[in-house]
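The block underneath contains the structure these notes are about, expressed in structure tokens.
The values are calculated or read from the model by the stated rules, or taken from the named source; none is laboratory data. Being a predicted model, the structure only gives us computed values, none of them experimental. Here the Cβ is made from the backbone with ideal geometry for all residues, glycine too, and neighbour counts use every protein chain on show.
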Amino acid sequence: MKILGREKRNAMFTIYAFCKEIDNIGDKFIEKKRKKKELERWKKEINQIYKNKTNNKLSKSLKNYIQKYKLKKKNFLEIIKGIEMDINNKMIAPKQKIFNLYCYRVAGAVGLLCLNIFGENNKNSRSFGIALANAFQITNILRDIKEDSLIGRLYIPKEILKKTGIKENNIDQIIKNKKFFLACKKLAKLADLNFKIAETKLKYCSKKKLKSAILMMYTYKSLLKKLKKSGWKSIEEKIHLTKLEKITLFLKVSFT
């Protein structure tokens, strides 16, 4: 975010704060009924923001940037719908179609909001943003397998599990299966494909305006590379980039 000017950086932090707020509702250790109620409250709040009626501190900040960058209401509502999919337990070895929809809602919709803030929103940049968001989400899924399993989630599509010979339905049994690492490798290929699509579309976009997104792309590509190198032999250890690796990537993008 340091690549961005102060105004755009603050707008991005506000979008992030909203996403974090919604995500936290999905991850809370409270009954499903309460989670749904809180998400419904946020749906109403988003509608109120677009009617210029809100007193919530975060909502006021959102309202400011919604007006400034012409952010679309449907993208905020899609993000909420994505978390609803988690709450309704639809993300336990989901079918590929459901998986794709989930990635669009929790990542693609965020990417589309960011494009407006970056000032590069056209057909090519939207294709770039959605493909890149998919790659980010898949990388996160492959990095957070253990963490997600502890809250009853396993995002790897059912079709991929079947192709690798995994027939179990229980999350613990699936991740303990000796062939599970093969399923992870197959999903990693989908992330690679999305990175390639994003890079192709980037050729027709303003790299200057998308510098922040490009830095994130390099960061996530490096994370995915480390994950593939680990071979998912152990999902207990969470993969991170070192401080030196982050600085190197930052310098690479900042001076190009």
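A Cβ distance below 6 Å, combined with a sequence gap of six or more or placement on separate chains, defines the contacts here; from the stretch 216-241, residues that are in contact (Cβ under 8 Å) with a residue 60 or more places away in the chain reach residues that are assigned to a loop (DSSP other than H, G, I, E, B) and surrounded by 15 or more Cβ atoms within 10 Å (Cβ to Cβ) in the pairs Leu227/Ile239. Being farther than 30 Å from Lys229 by Cβ and buried (at least 22 other Cβ atoms within 10 Å of the Cβ) holds for only one residue in Leu132, Leu161, Leu142, Leu62, and it is Leu62. Per the listing Ile138, Ile174, the residue uniquely over 25 Å from Ala109 (Cα atoms) and in contact (Cβ under 8 Å) with a residue 24 or more places away in the chain is Ile174.
For the stretch 142-187, name all the residues that are out of contact with any Ser or Thr (no Cβ under 8 Å at 6 or more places or on another chain) and among the aliphatic types (A, V, I, L, M). Matches in the stretch 142-187: Leu142, Ile145, Leu150, Ile151, Leu154, Ile156, Ile160, Leu161, Ile166, Ile174, Leu187. The single residue among Ile83, Ile92, Ile98 that is among the β-branched types (Val, Ile, Thr) and buried (at least 23 other Cβ atoms within 10 Å of the Cβ) turns out to be Ile83. Within the stretch 23-36, being part of a helix (DSSP H, G or I) and either surrounded by 11 or more Cβ atoms within 10 Å (Cβ to Cβ) or of a type in the set (Phe, Trp, Tyr) (or both) holds for Asp23, Asn24, Ile25, Gly26, Asp27, Arg34, Lys35, Lys36. Filtering the stretch 233-249 to residues that are surrounded by 18 or more Cβ atoms within 10 Å (Cβ to Cβ) and not β-branched (Val, Ile, Thr) leaves only Leu249. When you scan the stretch 131-141, do you find a residue that is closer than 23 Å to Gly5 by Cα, assigned to a helix (DSSP H, G or I) and either out of contact with any strand residue (DSSP E or B) (no Cβ under 6 Å at 6 or more places or on another chain) or not assigned by TED's automatic domain parsing to the domain that holds Tyr204 (or both), even just one? There is at least one residue in the stretch 131-141 that is closer than 23 Å to Gly5 by Cα, assigned to a helix (DSSP H, G or I) and either out of contact with any strand residue (DSSP E or B) (no Cβ under 6 Å at 6 or more places or on another chain) or not assigned by TED's automatic domain parsing to the domain that holds Tyr204 (or both). Candidates Leu4, Leu115, Leu39: the one that is in contact with a helix residue (DSSP H, G or I) (Cβ under 6 Å, 6 or more places away or on another chain) and not in a helix (DSSP H, G or I) is Leu4.
Scanning the stretch 142-160 for residues that are of a type in the set (A, V, I, L, M) and at positive phi yields a count of 0. Residue count for the stretch 58-73 under the criterion of being among the basic types (Lys, Arg), part of a helix (DSSP H, G or I) and under 15 Å from Glu120 (Cα atoms): the result is 1. Whenever a residue of the stretch 83-101 is in a loop (DSSP other than H, G, I, E, B), its partners that are among the aromatic types (Phe, Trp, Tyr) and surrounded by 12 or more Cβ atoms within 10 Å (Cβ to Cβ), lying with C-beta atoms within less than 9 angstrom and at least six residues away or across chains, give the pairs Lys90/Tyr102; Met91/Phe99; Met91/Tyr102; Met91/Tyr155; Ala93/Tyr155; Pro94/Tyr102; Pro94/Tyr155.
In the stretch 157-176, how many are assigned to a loop (DSSP other than H, G, I, E, B) and modelled with pLDDT of 95 or more?
4
Only one of the listed residues (Ile15, Ile46) is under 17 Å from the mean Cα position of the chain (by Cα) and either modelled with pLDDT of 95 or more or surrounded by 15 or more Cβ atoms within 10 Å (Cβ to Cβ) (or both). That residue is Ile15.
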